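The values are calculated or read from the model by the stated rules, or taken from the named source; none is laboratory data. What you see is a predicted model; the values in this text were computed from it and never measured. The accessibility values were calculated without ligands, DNA or RNA, using every heavy atom of the protein model including side chains. Shrake-Rupley method; radii C 1.70, N 1.55, O 1.52, S 1.80 Å.
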Amino acid sequence: MSLIKFEDFCFRYSDQEKILSDINFEVNEGEFVLFCGPSGSGKTTILANMKNEIRPIGKSEGAIYYDGLNIRKLEDEKSASEIGYLFQNPEDQFVSDNVLQEIAFSLENMGLPHREIRNRIAEMTAFFGLDKYLYKNINELSGGQKQLVNLCSLLVLKPRLLLLDEPTSQLDPIAAYDFLSILRRLNEEFSITIILTEHKIDNIFPFIDRAVFLEGGKIKYADKPRQISTEAQKSNIFKNYLPYVTRIHFMLQSKYSLLDKAKIPLNIREGRANLKLIDEHLKKIYDSKISLWNGSTNKTSSESKEKFQNIPNHVINCQNIWFAYVKDHMVLNGIFLDVNNGEFISILGGNGTGKTTFIQILAGLMDPVKGNIKYKNNIKLAFVNQNPKVHFKEETVEDELSESSLETPKNDSSLKKKKLKFNFWNNNVKSTSNFKNHGEFNKNVNSNEKNDLIDLFDLTKLLDKHPYDCSGGEQQKIAISKALLTKPDVLFLDEPTKGIDPVSKIQLGLKLKKLQENGLTIIMTTHDIDFAAEYSERSILLFDGNIQVDDTPTNVFSKNNFYTTFVNRMVKDYLPNSLTLKEVKQEWEI
Amino acid sequence: MKLTVIHPAIYITYYMILVLFAFIYNNPYYLITFLICIVALIILQGIGNELKTTLKFFVPMSVIIILLNPVVSHVGTTKIYIIGNYFITLEALTYGIIMSLSLLIILLTFTSYNKTVSYQEMLYIFSKRFPNISMVIIMALRFIPLFNYRLNEVNKISKFNEKQYSNTNKNSMVEKISKTANLLVVVVSWSLEESMITAKSMKARGYGIKERTSYLSYKFHKIDYMLTGFISFSLLICIIGLTQGFGRIEIYPTLMFSDSESTVNIYYLSLLFLLLPLIYLEIKEKLIWE
């Protein structure tokens, strides 16, 4: 019998369009199911509806059954202990400030006797290797460990079903991979049913049982990974959700029909096996003299390296930067860096290597302990924090965007805001007409520019929403637009792709690229190697408080075996210098 | 003390008794004995450097008390003339000194208490009686550093923006205040927003559906009974002594205190005994480790 069963389930927040409609599907005990879809497609709403305690308030039709019983009639205790729910941000779920207290919290809630609590904590912390951290303060843990503690505090309740809402979106790739492999163990060794939503699925696709792709609150595809790949790759949106390995496969398939018979690869091992297949096949045909993908294009990318060294147009000049929060522990040890005008720089590095510290010092948010930074005269900087919420202080997105550019006296601007709000009340017509009216009020703002940005970042629909009600990706876009409205020469972005869905990521990347072409200098930190390789022109790898490598992405990553893009890991034997799908496409003419 | 586990309830009552006694006793001999024992305990506990921080705070305060009390209060019969007709009384001076001595003892007692009883043990004691309050304390302990961190982040951004966009650096007081208020608005709304998730996560883990238990558990062991017996016995004698006036001196209206009078009697010794058990345990521990 199925553990979870949705029957004609619909959901809407009061007086709004349906967020979810006609959801019909079943999850069997012990299954590992992945939910995918653009932000706003209803993934989180589906997950939250399976958990009575936190289900969103709204109208629902149809029913969800848990273990044959209507989930709404589930006893509190059963629902709390058998269904575990993990949130996106590891930071916000903590109730207390130390690990032991946090793990014990859920058990204490259940009113379990002291001995039982200790037993369960002992077992679980040993399984996760957290037993050494029991008395640690939460703040001393890394992001991955934090999420592990959160997971642990659910597992001590012995759940049968785990609901995870983008659990790795705030983690760096390695921590994310560790976390996912723990989920896999839980699923395989304890047969815990897992339902997960996730944007980056390369690591998880190989071991899920089923994937469900959602679009606009409806189930678009729901099938096993291989089958769903075949269907999804026809769609322009969902194509981007597939693992790179699979996407390369489909690209090759269109050229080499012999792949039709081959298994659709989900992980790198399978992908490479297929590549070999083609390789051998081609060698056979062409008498083993020409293999179609000989590394004929072994372009040494030294020319591109020269490109940025020959331009003596420094915007920022860093001299011997040292920084530490506490005396004993140096974060940055003497960094030298020149930033040229119009560059797109990505700063990469593992967790805790000081990426955020470095970018904040570069932007002048913090002063280095030693050393100095010179900026070109009359240069304007803009900074976007990795948590866009830092930048929001207004009621609506519209206000948010107008306020930043109004650098007039305070009273003046507040008056205007009142007018704006009044305006909203009056005409509840489409917001497009709305902001045209606002343009008249903001005479000192270049309203064209603002509208361009709103169009560029697709913010029209969000204008009268509260910034906090927007999704993570949308918030990121708003914060970036807000920064851009100040017309900066240099834009600093701290982890701009955190928690953004693949399609928005492509859009963001293209937009940044476009801005860069118009002369903007962009410096970003990121964990996302694929994003850095695709869009940035210069990558800086931080290690041990210093710049380890500073070169083009190709030169930085192509030599690495692990710390490189999925595409590169897959095609390494044939195209060692290709990092992105685009490059592979060009090289193989597919 | 790591090797001897003592029920936190005993600690808490014991330290409460000490604080109370520091108030009640005002005989300098008793108080000085008290002080010496507490200092010894603190040094044995290995937090001798805390003495410095306490003194840094205490010295100016005691000076104020000692100076201010005779200046303000002219009660007492023994007059000391300073300038012309202006006098202070010996009683008020003595009272000030003894007051500040008591205060020092209390401060040190709390220092020692902080070392001995972790906040979790304290919560364990309170969570049975006041489960909600202890929950709030737990959450506050998590929230305060988070709030600080957020304030710091928002502050950085706001300073950065100011540097970038405003040419007039001089702001009036009113503007400064309104800026700070704006800053706080951002931090508070951000914190509230994140707290919603904390609340959800608490609910999702079944907070409030049953009476809470605690993962900490302390049982009364033999040593606890022995300690309780010892403490209550010496406490009883001390109280008897106090009712008869041992350990207290008369300050107002006329100071009645002679240093020739022998203080060593059963009541003095019982106070000494009351102060010794923790010192004894610390010494015992030191000996074991060596």
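Brief remarks on what is shown
- Cα gyration tensor shape of the stretch A:58-140, rounded if a/c is under 1.5, else prolate or oblate by comparing a/b with b/c: prolate
- Area accessible to solvent at A:CYS10, 1.4 Å probe radius, in Å²: 10
- Counting only protein heavy atoms and a 1.4 Å probe, chain A has 43 square angstrom of accessible area per residue.
- Comparing Cα centroids, the stretch A:37-109 and the stretch A:128-198 end up 15 angstrom apart.
- Bridge type composition, the stretch A:466-590 - antiparallel percent by DSSP, nearest 5: 50
- Gaussian network model of chain B, Cα within-10 Å springs - most flexible of B:GLU194, B:GLU175, B:GLU50: B:GLU175
- Whether chain B is rounded, prolate or oblate, judged on the alpha carbon gyration tensor where a/c under 1.5 counts as rounded: oblate
- Angstrom value of the Kirkwood radius, inverse mean 1/r, which spans all Cα pairs in the stretch A:2-238: 18.4
- Within chain B, helix-based [θ] at 222 nm, where runs of 4 or more DSSP H residues each add -39,500 (n - 2.57), nearest 500: -25500 deg cm²/dmol
- Of the DSSP H helices in chain B, those whose Cα atoms cover at least 20 Å axially and whose Kyte score averages -0.5 or more: B:8-24, B:28-44, B:48-72, B:90-116, B:131-165, B:173-204, B:222-243, B:266-289
- Accessible-area composition of chain B, carbon plus sulfur, in percent [1.4 Å probe]: 69
- Remark: C-alpha extents of the protein assembly as shown on the principal axes read 116, 68, 62 Å, sorted largest to smallest.
- Across the stretch A:2-238, C-alpha contacts under 8 Å between residues 6 or more apart give a mean separation that, scaled by the residue count, equals a relative contact order of 28 percent.
- Equivalent ellipsoid dimensions for the stretch B:131-204 as semi-axes, Å, which come from the Cα gyration tensor, largest first: 33, 12, 10
- Chain B: relative contact order in percent, alpha carbon pairs under 8 Å with at least 6 residues between: 32
- The largest accessible area among B:MET99, B:MET122 belongs to the first residue in B:MET99, B:MET122, and the rest follow in falling order (1.4 Å probe, all chains).
- Heavy-atom accessible surface of A:LYS376, to the nearest 10 Å², is about 90 Å², with a 1.4 Å probe and all protein chains retained.
- Accessible area that becomes buried as A packs against B, both chains, 1.4 Å probe, Å², nearest 100: 4700
- DSSP bridge orientation in chain A - percent antiparallel, rounded to nearest 5: 55
- Going by accessible surface with a 1.4 Å probe and the largest first, A:SER142, A:SER41 read A:SER142, A:SER41.
- Within the stretch A:2-238, DSSP assigns beta bridges of which about 55% are antiparallel (rounded to the nearest 5).
- Taking every protein chain into account, the 1.4 Å probe leaves B:VAL63 with about 70 Å² of accessible area, to the nearest ten.
- Estimated purely from DSSP H runs of n ≥ 4, each contributing -39500 (n - 2.57), the mean residue ellipticity at 222 nm for chain A is -11500 deg cm²/dmol once divided by its residues.
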